[in-house]
């Protein structure tokens with residue numbers, strides 16, 4: 001009798017957007033995410049045993065709400081981030097994700113940590129220094145929840161951050177297979193390889 005494995009795909013949104021842009025020279029749209037998920041499920045099928053099959057349980061997409069406050073640069077220029085094109089684009093993308101089939105959108109926040117020198121233009125205006133809040137924690141909690149309740153059999157983690165090693169280790173102890181997709185990123189930390197079952 002064929003075994004059916006339930007699969008969850010956990011996507012670190014900031015990592016996904018960065019890697020997609022590197023690979024395609026443009027930012028992703030919802031149709032690109034749909035194609036990406038189909039490709040992941042195809043890869044899993046190719047890795048699957050002959051007497052088992054995979055079905056998608058849910059996609060979890062983790063991102064931050066865009067920062068929309070006004071801040072003053074060191075040269076006394078006020079920047080209203082809600083008027084920046086990135087603000088509108090991020091909100092539109094999140095809105096589309098809310099109606100994406102079998103997807104749960106998990107949103108954290110961006111904290112503004114001042115200004116920093118733009119390495120691409122050191123003599124130009126400084127860049128805002130934003131930091132993600134709560135995103136890594138939400139990913140870790142979801143991995144622990146799905147693993148401890150045996151909600152899924154396989155987790156595909158789309159990330160490149162070694163902060164996820166502890167929940168990855170927990171999931172594997174609970175009998176969950178961990179697949180790591182770094183979206184063709186060449187340099188992968190050894191600790192991530194060590195605590196993954198497969199690198200996609």
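Being assigned to a helix (DSSP H, G or I), in contact with a helix residue (DSSP H, G or I) (Cβ under 7 Å, 6 or more places away or on another chain) and either surrounded by 12 or more Cβ atoms within 10 Å (Cβ to Cβ) or modelled with pLDDT under 90 (or both): is that true of residue 136 here? The answer is yes for residue 136.
So is residue 155 touching a residue at least 40 places away in the same chain (Cβ under 8 Å), buried (at least 20 other Cβ atoms within 10 Å of the Cβ) and not in a helix (DSSP H, G or I) or not? Spelling it out, residue 155 is indeed touching a residue at least 40 places away in the same chain (Cβ under 8 Å), buried (at least 20 other Cβ atoms within 10 Å of the Cβ) and not in a helix (DSSP H, G or I). Scanning the stretch 158-194 for residues that are surrounded by fewer than 19 Cβ atoms within 10 Å (Cβ to Cβ), in a loop (DSSP other than H, G, I, E, B) and either touching a strand residue (DSSP E or B) at 6+ places or on another chain (Cβ under 8 Å) or modelled with pLDDT of 95 or more (or both) gives 161, 174, 175, 183, 188. Please tell me if residue 108 is in contact with a helix residue (DSSP H, G or I) (Cβ under 6 Å, 6 or more places away or on another chain), modelled with pLDDT under 95, within 27 Å of residue 33 (Cβ to Cβ) and not in a strand (DSSP E or B). No.
Looking only at the stretch 160-182, which residues are within 14 Å of residue 8 (Cα to Cα) and in contact with a helix residue (DSSP H, G or I) (Cβ under 8 Å, 6 or more places away or on another chain)? Answer for the stretch 160-182, where residues must be within 14 Å of residue 8 (Cα to Cα) and in contact with a helix residue (DSSP H, G or I) (Cβ under 8 Å, 6 or more places away or on another chain): 168, 171, 176, 178, 179, 180, 181. Name the single residue, out of those in the stretch 105-133 being without any contact (Cβ under 8 Å) to a residue 60 or more places away in the chain and surrounded by 15 or more Cβ atoms within 10 Å (Cβ to Cβ), that is nearest to residue 66 (Cα to Cα). Checking each candidate, the answer is 110.
The values are calculated or read from the model by the stated rules, or taken from the named source; none is laboratory data. Note that the coordinates shown come from a computational prediction; the quantities given were computed from them, not determined experimentally. A quick note on method: Cβ atoms are made from the backbone with ideal geometry, for glycine too, and the neighbour counts reach across all protein chains shown.
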